[in-house]
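Here the structure comes first, spelled out in structure tokens, and everything after it is commentary.
The values are calculated or read from the model by the stated rules, or taken from the named source; none is laboratory data. Remember, it's a predicted structure, so these values are computed and weren't measured experimentally. Here the Cβ positions follow ideal geometry from the backbone for every residue, glycine too, while neighbour counts run over all protein chains shown.
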Amino acid sequence: MFCGNCGEENADATTVCASCGGAVSGGAVQPNPASAAGAPELATIGMRIAAVLVDSILLPLTLYIGWIIWSLIIYGRGQTPGKQLVGIYAARVDDPERRLSWGSMFLREFVIKGLLFGILGLVTLGIVSVLDYLWALWDDSGQKQTLHDKVIKGSVYRVQGT
């Protein structure tokens with residue numbers, strides 16, 4: 001199972017997360033007081049752009065198959081390969097400490113960004129795709145949300161310690 005605090009995979013029978021030291025009780029990981037001291041920090045626009053660029057470079061380098069397999073493994077941590085390498089993750093705005101589930105990440109990345117905004121981007125010659133990402137620059141919610149973030153009521157946060 002994956003730690004709800006840091007996203008590290010642990011054996012099902014563990015009582016303490018091997019990565020962050022959070023106590024595991026009843027299948028849920030209780031945050032380690034030391035790591036929970038600071039509130040989650042929003043990822044900068046630069047970090048988000050870096051993650052998109054890394055994903056864009058990794059896709060052809062891994063012949064798409066490697067990137068897809070990697071993504072399917074880490075979606076449960078609220079990350080894409082680019083987000084993982086940059087040190088950011090996606091979470092809901094109302095609970096930024098709990099990363100998006102695998103299903104929510106699949107919905108965010110494949111259905112909303114890939115299909116919905118991808119198709120709309122093709123129809124509008126890329127205008128919707130560009131607006132989707134640029135929206136975070138003038139978002140007045142204080143969460144630096146893109147349009148696909150607004151659809152799922154989420155944002156992107158910096159992994160603690162990076």
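I need the full set of residues from the range 69-105 which are touching a helix residue (DSSP H, G or I) at 6+ places or on another chain (Cβ under 7 Å) and among the β-branched types (Val, Ile, Thr), in order please.
ILE74, THR80, VAL86, ILE88
Sort out which residues of the range 108-135 are among the small types (Gly, Ala, Ser) and either out of contact with any helix residue (DSSP H, G or I) (no Cβ under 6 Å at 6 or more places or on another chain) or outside the structural domain of PRO96 (by TED's automatic domain parsing) (or both), and write them in order of number.
Those that are among the small types (Gly, Ala, Ser) and either out of contact with any helix residue (DSSP H, G or I) (no Cβ under 6 Å at 6 or more places or on another chain) or outside the structural domain of PRO96 (by TED's automatic domain parsing) (or both): GLY114, GLY118, GLY126.
Looking at (1) within 14 Å of the chain's Cα centre (by Cα); (2) at pLDDT 70 or above; (3) over 18 Å from SER155 (Cβ atoms), can you tell me which one CYS6 breaks?
(2)
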